[in-house]
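Enquirer: Starting off with a structure, shown below.
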Amino acid sequence: MSRIGKLPISIPAGVTVTLKDDVVTVKGPKGEMSQYVNPAITVSIEEGNVVLAENENAMQDDPKQKHAFHGLYRSLVHNMVVGVSEGYKKELELVGVGYRVSNQGNIIELALGYTHSIFIQLPPEIKVETKSERNKNPLIILESCDKQLLGQVCSKIRSFRKPEPYKGKGIKFVGEEIRRKSGKSAGAK
């Protein structure tokens with residue numbers, strides 16, 4: 001039995017969880033999400049909690065795979081419950097001279113020192129806000145109920161200019177520590 005998988009998921013007020021044909025659907029104030037669950041795992045709703053257990057009758061030969069599914073689907077369902085009730089938020093910071101960001105609706109325009117601006121069309125599930133204050137680095141604030149999609153979009157935006165180790169320029173998460181290198185040592189003999 002998986003250590004993570006055996007933990008029950010409490011359902012907060014205002015959130016409904018339904019099961020139908022190996023598909024778990026979670027509805028809440030921030031949105032609605034669905035997730036297919038492998039038949040090797042049984043899902044049940046008991047006393048305001050979602051409980052996942054390994055199905056002993058499943059036609060699964062590999063017990064390690066069953067343990068892995070147990071923890072995986074518990075984490076996915078938990079992320080859905082937290083997402084539709086509280087939501088997820090990520091902040092990206094642009095560090096560098098002349099780096100700018102602006103948005104119109106769900107289209108982000110990035111100026112990252114290239115000869116052209118980069119435009120990104122975000123999925124409708126993600127809400128975006130940009131902040132550009134004087135003498136501060138520009139910020140991109142992304143919010144969504146889907147943790148997986150939010151992480152994927154943040155990774156895509158970050159891939160346009162990853163932080164480099166010498167000056168620390170690039171797109172980084174707020175609070176992220178960049179490992180810095182010293183550069184050339186002048187006059188070493």
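Enquirer: For the chain, what does -39500 (n - 2.57) per DSSP helix run (n ≥ 4), summed and divided by total residues, give at 222 nm, in deg cm²/dmol to the nearest 500? All intermediate terms of the calculation are to be shown ahead of the outcome.
Expert: Working: 2 runs with 35 residues, N = 189.
Helix-only estimate at 222 nm: -6000 deg cm²/dmol.
Enquirer: Could you check which residue among His78, His116, His67 shows the biggest mean-square fluctuation in a GNM of the chain with a 10 Å Cα cutoff?
Expert: Its mean-square fluctuation being the largest, the pick is His116.
Enquirer: Something else now. If I compute volume of the Cα convex hull per residue in Å³ from the structure I just sent, which labelled value in [x] 182; [y] 107; [z] 194 lines up?
Expert: Recomputing volume of the Cα convex hull per residue in Å³ here picks out [z].
Enquirer: First compute the accessible area of the chain with a 1.4 Å probe, then give the percent of it belonging to carbon and sulfur atoms. Before the final figure, lay out each step's value.
Expert: Numbers: 5910 of 12080 Å².
Solvent-exposed carbon and sulfur of the chain make up 49 percent of the total.
Enquirer: I would also like to ask the following. If ligands, DNA and RNA are left out, what is the accessible area of Ile141 with a 1.4 Å probe, given in Å² to the nearest 10?
Expert: Estimated to the nearest 10 Å², Ile141 gives 10 Å².
Enquirer: Relative contact order for the chain using alpha-carbon pairs under 8 Å, separation at least 6, rounded to a whole percent? Walk me through the numbers before you get to the answer.
Expert: On the way: 338 pairs, mean separation 33.5, N = 189.
Relative contact order, the chain: 18 percent.
Enquirer: Which pairs in the list Lys27/Lys147; Lys147/Lys169; Lys6/Lys66 are over 18 Å apart, alpha-carbon to alpha-carbon?
Expert: Values: Lys27/Lys147 15 Å; Lys147/Lys169 26 Å; Lys6/Lys66 13 Å.
As for pairs spanning more than 18 Å Cα to Cα, those are Lys147/Lys169.
Enquirer: So, one more: Accessible area per residue, 1.4 Å probe, Å², for the chain: what's the number? Don't jump to the answer; show the numbers that get you there.
Expert: Details: 12080 Å² over 189 residues.
On a per-residue basis, 64 Å².
Enquirer: Given springs between every Cα pair under 10 Å in a Gaussian network model of the chain, which of Lys64, Lys131, Lys30 has the largest fluctuation?
Expert: Lys64
The values are calculated or read from the model by the stated rules, or taken from the named source; none is laboratory data. This one's a predicted model, so the numbers in the text were calculated from it and none came from an experiment. Calculation scope for accessible area: heavy atoms of the full protein, side chains included, ligands and nucleic acids excluded. Shrake-Rupley method; radii C 1.70, N 1.55, O 1.52, S 1.80 Å.
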